[in-house]
Amino acid sequence: MITYGIIAILAVIFVLDYLAFPPKGEKRLHWRYLLLGQHAKQFDIKKDCGPLRTAMHMNSKAVRAGQVWRLFTPLLFHGGLWHLATNCAALWGVGGFVERQLGPWRYLLVLCCGGIFSLLLATIWFPKAESGIGASSAVYGAIGITTAMLLREPQLFQSFSLPVQIYLLCYIGSNLFFEQSWLAHSSGFICGIGLAFIML
């Protein structure tokens with residue numbers, strides 16, 4: 001239920017961000033904007049975010065100035081429908097397993113810790129960062145603790161169907177090693193591994 005609830009929240013935030021409160025002058029239903037999060041003009045985060053994302057996206061200076069909610073709220077936003085769909089598919093693939101193994105509240109704690117830890121690290125590592133969104137670092141927290149579970153009990157891998165196994169392997173490989181968000185993803189993963197020593 002936690003997994004489905006989070007997916008529903010992410011979908012609602014996406015609709016609000018892209019359709020209800022889009023950037024000024026942006027066409028709501030332009031396919032490139034809606035699908036990939038790409039703007040028709042050169043994107044400037046100071047001018048071209050909608051009001052909802054402007055108040056909540058990652059901003060290292062704002063965090064240090066006391067806007068601590070930005071260590072969580074960027075997890076709720078995504079750069080287009082494709083970004084949202086890939087993260088939600090990975091969350092659905094691994095979330096139910098973790099929720100069954102740990103219980104709903106500890107599972108929710110893993111997601112929050114993975115996401116917040118990666119955003120906190122990004123704030124320290126990139127003191128001038130003004131952008132950064134997506135739930136992938138939280139998902140990697142769940143993947144990290146799942147990895148620890150599978151190392152302890154390899155037979156649990158059979159809990160995943162073959163399509164889910166293939167998708168998760170592709171998701172981990174493409175996001176962890178080949179994307180510019182490697183710091184957020186790998187830190188979420190490491191946080192999940194660390195939590196395994198406490199929770200398992």
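The values are calculated or read from the model by the stated rules, or taken from the named source; none is laboratory data. These numbers come from a predicted model, not from an experiment. Note that we place each Cβ from the backbone using ideal geometry, even for glycine, and neighbour counts take in every protein chain shown.
Of all the residues in segment 51-72, those that are small (G, A, S) and in contact (Cβ under 8 Å) with a residue 24 or more places away in the chain number 1.
Exactly one residue out of W69, W105 is within 19 Å of G194 (Cα to Cα), of a type in the set (F, W, Y) and at pLDDT 85 or above: that is W105.
Among L102, L162, L91, L111, which is the only one that is surrounded by fewer than 19 Cβ atoms within 10 Å (Cβ to Cβ) and at negative phi?
Numbers: L102 fails: surrounded by fewer than 19 Cβ atoms within 10 Å (Cβ to Cβ); L91 fails: surrounded by fewer than 19 Cβ atoms within 10 Å (Cβ to Cβ); L111 fails: surrounded by fewer than 19 Cβ atoms within 10 Å (Cβ to Cβ).
Being surrounded by fewer than 19 Cβ atoms within 10 Å (Cβ to Cβ) and at negative phi holds for just one of L102, L162, L91, L111, which is L162.
Confirm whether R100 is within 17 Å of G194 (Cβ to Cβ) and charged (D, E, K, R). It is false that R100 is within 17 Å of G194 (Cβ to Cβ) and charged (D, E, K, R). Inspect all residues belonging to segment 133-147 and state whether any of them is under 14 Å from the mean Cα position of the chain (by Cα), under 27 Å from A55 (Cβ atoms) and surrounded by fewer than 16 Cβ atoms within 10 Å (Cβ to Cβ). No, because not a single residue in segment 133-147 is under 14 Å from the mean Cα position of the chain (by Cα), under 27 Å from A55 (Cβ atoms) and surrounded by fewer than 16 Cβ atoms within 10 Å (Cβ to Cβ). Among residues of segment 17-28 that are part of a helix (DSSP H, G or I) and surrounded by 12 or more Cβ atoms within 10 Å (Cβ to Cβ), those with a Cβ under 7 angstrom from a residue that is of a type in the set (F, W, Y) and modelled with pLDDT of 70 or more, sequence gap 6+ or separate chain, pair up as D17/F77. If the condition is being among the small types (G, A, S), touching a helix residue (DSSP H, G or I) at 6+ places or on another chain (Cβ under 8 Å) and at pLDDT below 70, then segment 1-43 contributes G37, A40.
Go through segment 129-173 and count every residue that is among the aliphatic types (A, V, I, L, M) and closer than 20 Å to I2 by Cβ.
Residues of segment 129-173 that are among the aliphatic types (A, V, I, L, M), as a first pass: 129, 133, 135, 138-139, 142-143, 145, 148-151, 156, 162, 164, 166, 168-169, 172.
Of the ones still in play, those that are also closer than 20 Å to I2 by Cβ are 135, 138-139, 142-143, 145, 148-149, 156, 164, 168.
Qualifying residue count for the region: 11.
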